[in-house]
1. Report, to the nearest 10°, how far helix 43-52 tilts away from the longest principal axis of the Cα atoms in the chain, using its own Cα long axis and a range of 0 to 90°.
2. List residues of the range 1-35, by number, whose backbone nitrogen lies under 11 Å from a label position 7 Å along Cα→C-beta of Leu60.
3. Just want to confirm a number: the relative contact order over the chain, from Cα pairs under 8 angstrom separated by 6+ residues, in percent.
4. Based on the Cα coordinates of the chain, what is the per residue volume of their convex hull in Å³?
Amino acid sequence: MKASIDRENCISCGLCTEICPEVFRLGEDGPAEVHGEVTDELRQSASEARDNCPVSVISLDE
Ligand code: SF4
């Protein structure tokens, strides 16, 4: 599974980085970025981060 973020529309709330820090982190320029692979073990927390992003900018592709 591959994660991506529409960084232009991320509001830098940090929620995804709290839910799944193994995959998401806040970039130095503000918006969140993907820094890790979505392994099988992380699918659930990455999906939770996607579902809870307040502006729905996280995508997960098989
Ligand atoms: S939860 Fe969404 S808006 Fe918040 S930092 Fe992550 S990607 Fe950006």
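1. Here the helix axis deviates by roughly 30 degrees.
2. Label zone hits: 1-4, 20.
3. Values: 106 pairs, mean separation 27.8, N = 62.
Over the chain, the number comes to 45 percent.
4. Values: hull volume 4.0 nm³, N = 62.
Normalising the Cα hull of the chain by residue number yields 65 Å³.
Throughout, read-outs are computed from the coordinates displayed, never taken from laboratory work. As the structure is a prediction and not an experimental result, all values here were calculated from the model. Neighbour counts run over all protein chains shown; Cβ positions are idealised from the backbone, glycine included.
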